[in-house]
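Here the structure is laid out as structure tokens; the discussion comes afterwards.
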Amino acid sequence: MQKVQRTSKERSPHYVKLDNGITIILGENPAADVISGRIFLKNAGSLQEPREKAGLFHLLATVITKGTESLSALELAEAVESIGASVGANAAADYFVMGIKTVSEDFQEMLALVGEMLRSPTFPEAEVALEKHLISQTIRSQQEQPFNVAFNQLRAAIYQDHPYGISILGNEETVSNLSQEDLQNYHQNYFRPDNLIISLSGRLDIDQAVSWVEKTFGDWSIPEHSLTLPALPNLDVCPQKQFTFQETQQSIIMLGYLTTGVRSSDYPVLKLLSTYLGNGLSSRLFVELREKRGLAYDVSAIYPTRLEPSQFVVYMGTAPQNTNIAIEGLQQETERLCHQELTSQELQIAKNKLLGQYALGKQTNSEIANLYGWYETLGLGIEYDQTFQDEINQVTPEMLQIVAKKYLLSPYLSVVGLNLNS
């Protein structure tokens, strides 16, 4: 099989693309006799689901390991557990991924097993029915959790009819209507070699990795039909307030802002803003609203990495009687970034924290395989591992303020709790 190799054999991570479209990435790490892999499918997450099929890829992830054309769910489980390996599948907003981890000696066998799951799952009706029931239970359980209620109504307000506006789980109605035929149709459309990225890390070299992948997937041909992707709605910022009364000991307050995706030059700046505001015990929100003012049980900020426009969220759990003042405090601290530049020292502390945590997230084979495969899946390339760090180091206080003004002045508000007079 012909292949295109973008990196040299002497330099890790390695990048090889086979002529059937499969991308292979390898980070060599001979320290332990273990190999971890992440097999990503691009364009195969909840972003690709129409609203009436919400939750389909999550359901597919739960049943893809429950039977193939030659092996039952029990036989698959026994094959994995008999050698102490681990195999699992997960659906995200922008992709689908299967993970594998085993000692080096058994990796080829496990890769072949995962290949069978990817290429010839049967989605047994009994397993589908069971997983749909379990997913519905999880959805009902989340409806009783104030944080999830607040986040779900905030997300729905920000994204409206966009696929990001609904949980990866779907909702009870959409999940109940999903069928074995839906799973088969999506598998046929999205599971194809030119949509596959295989990212490995551990004790093996690139020639061995390519040989194993070719043996498992080399006869998998690109389908004649092109990959069908749904059109996405445009998003406009339309700030609104959402309130839900719930019997709870604290009010959950969230401010959300429609921002941008990972391919924007604003992405690393927003990551720094999120780190400065809400990451850890030394973050601005924690120090000002919890330590100094005693308003918060819990306070933080999140900025998820997304292909399409993401959301920047600051949130707090507070005593019900403090709901109104807590809303004001969250908004004041966020908008402060728009009107007052960080000092050089404040910015450097945020950079050190973000880059330090980034480095700590690349310690294991699983983390390394996930990172490189994730970057390639998002269209950033394996070089983004270094590019991201360089971009963070280049951020200035002026850049932070410009980006804050661009996104953080039009908040959506979501509140769940007892005292909702606002």
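The values are calculated or read from the model by the stated rules, or taken from the named source; none is laboratory data. Since this is a predicted model, take the numbers as computed values, not measurements. With ideal geometry, Cβ positions are generated from the backbone for all residues, glycine too; neighbour counts draw on all protein chains shown.
I'd like the full set of residues that are in a strand (DSSP E or B) and in contact with a helix residue (DSSP H, G or I) (Cβ under 8 Å, 6 or more places away or on another chain), limited to region 93-138.
Our first condition is that a residue be in a strand (DSSP E or B); within region 93-138, this holds for 95-103, 121.
Once the filter is applied, which keeps residues that are in a strand (DSSP E or B) and in contact with a helix residue (DSSP H, G or I) (Cβ under 8 Å, 6 or more places away or on another chain), region 93-138 yields Tyr95, Phe96, Val97, Met98, Gly99, Ile100, Lys101, Thr102, Pro121.
Go over the candidates Ser46, Ser104, Ser86, Ser70 one by one and state the one that is among the hydroxyl-bearing types (Ser, Thr, Tyr) and without any contact (Cβ under 8 Å) to a residue 40 or more places away in the chain. Don't jump to the end; show me each part of the working.
Values: Ser46 fails: without any contact (Cβ under 8 Å) to a residue 40 or more places away in the chain; Ser104 fails: without any contact (Cβ under 8 Å) to a residue 40 or more places away in the chain; Ser70 fails: without any contact (Cβ under 8 Å) to a residue 40 or more places away in the chain.
Result: Ser86 is the single residue among Ser46, Ser104, Ser86, Ser70 that is among the hydroxyl-bearing types (Ser, Thr, Tyr) and without any contact (Cβ under 8 Å) to a residue 40 or more places away in the chain.
List the number of the failed condition for Glu383; all other conditions in (1) within 30 Å of Lys42 (Cα to Cα); (2) touching a Ser or Thr at 6+ places or on another chain (Cβ under 6 Å) hold.
Going through (1) within 30 Å of Lys42 (Cα to Cα); (2) touching a Ser or Thr at 6+ places or on another chain (Cβ under 6 Å) one by one, Glu383 breaks only (2).
With the structure loaded, tell me whether Val213 is over 22 Å from the mean Cα position of the chain (by Cα) and of a type outside the set (Gly, Ala, Ser) or whether it fails that test. Please lay out each step first, then the result.
Values: over 22 Å from the mean Cα position of the chain (by Cα): yes; of a type outside the set (Gly, Ala, Ser): yes.
Yes, satisfied.
Out of the residues in region 268-284 meeting the condition of being assigned to a helix (DSSP H, G or I) and free of Cβ contacts under 8 Å to residues at least 60 places away in the same chain, tell me which one is farthest from Asn234 (Cα to Cα).
Checking each candidate, the answer is Arg284.
Is it the case, given these coordinates, that Arg336 is part of a loop (DSSP other than H, G, I, E, B) and of a type in the set (D, E, K, R)? Steps first, answer last, please.
Values: part of a loop (DSSP other than H, G, I, E, B): no; of a type in the set (D, E, K, R): yes.
No, not satisfied.
Tell me which strands (runs of 3 or more DSSP E) are completely within region 13-74 and hold 2 or more residues being closer than 24 Å to Leu232 by Cβ, within 19 Å of the chain's Cα centre (by Cα) and modelled with pLDDT of 95 or more, or say none if there are none.
Qualifying strands (runs of 3 or more DSSP E): 34-42.
What do you reckon, is Val149 over 30 Å from Leu418 (Cα atoms) and β-branched (Val, Ile, Thr)? Working first, answer last.
Numbers: over 30 Å from Leu418 (Cα atoms): no; β-branched (Val, Ile, Thr): yes.
Here the answer is no, as Val149 does not meet what is asked.
Per-residue answers, yes or no, for (1) outside the structural domain of Val287 (by TED's automatic domain parsing); (2) among the polar types (S, T, N, Q); (3) surrounded by fewer than 21 Cβ atoms within 10 Å (Cβ to Cβ):
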residue: Cys338; (1), (2), (3): no, no, yes
residue: Ile349; (1), (2), (3): no, no, yes
residue: Thr396; (1), (2), (3): no, yes, yes
residue: Val403; (1), (2), (3): no, no, no
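Hey, could you check region 293-320 for residues that are assigned to a strand (DSSP E or B) and within 14 Å of the chain's Cα centre (by Cα) and say which is surrounded by the most Cβ atoms within 10 Å (Cβ to Cβ)?
Of the residues in region 293-320, the ones assigned to a strand (DSSP E or B) are 296-302, 311-318.
Subset that is within 14 Å of the chain's Cα centre (by Cα): 302, 311.
Numbers: Ile302: 17, Gln311: 21.
Top of the filtered list is Gln311.
Of the conditions (1) crowded, with 20+ Cβ neighbours inside 10 Å; (2) under 19 Å from the mean Cα position of the chain (by Cα), Val149 clears all except one; give me its number.
The one condition Val149 does not meet is (2).
Scan region 285-309 residue by residue and report those that are in contact (Cβ under 8 Å) with a residue 40 or more places away in the chain and either more than 22 Å from Leu371 (Cα to Cα) or not assigned by TED's automatic domain parsing to the domain that holds Thr259 (or both).
Leu285, Glu288, Leu289, Tyr297 - these are the residues of region 285-309 that are in contact (Cβ under 8 Å) with a residue 40 or more places away in the chain and either more than 22 Å from Leu371 (Cα to Cα) or not assigned by TED's automatic domain parsing to the domain that holds Thr259 (or both).
Condition first: among the polar types (S, T, N, Q), closer than 30 Å to Tyr159 by Cα, in contact (Cβ under 8 Å) with a residue 60 or more places away in the chain and in a helix (DSSP H, G or I). Now tell me which residues in region 363-422 satisfy that.
Of everything in region 363-422, those that are among the polar types (S, T, N, Q), closer than 30 Å to Tyr159 by Cα, in contact (Cβ under 8 Å) with a residue 60 or more places away in the chain and in a helix (DSSP H, G or I) turn out to be Asn370, Thr377, Gln401.
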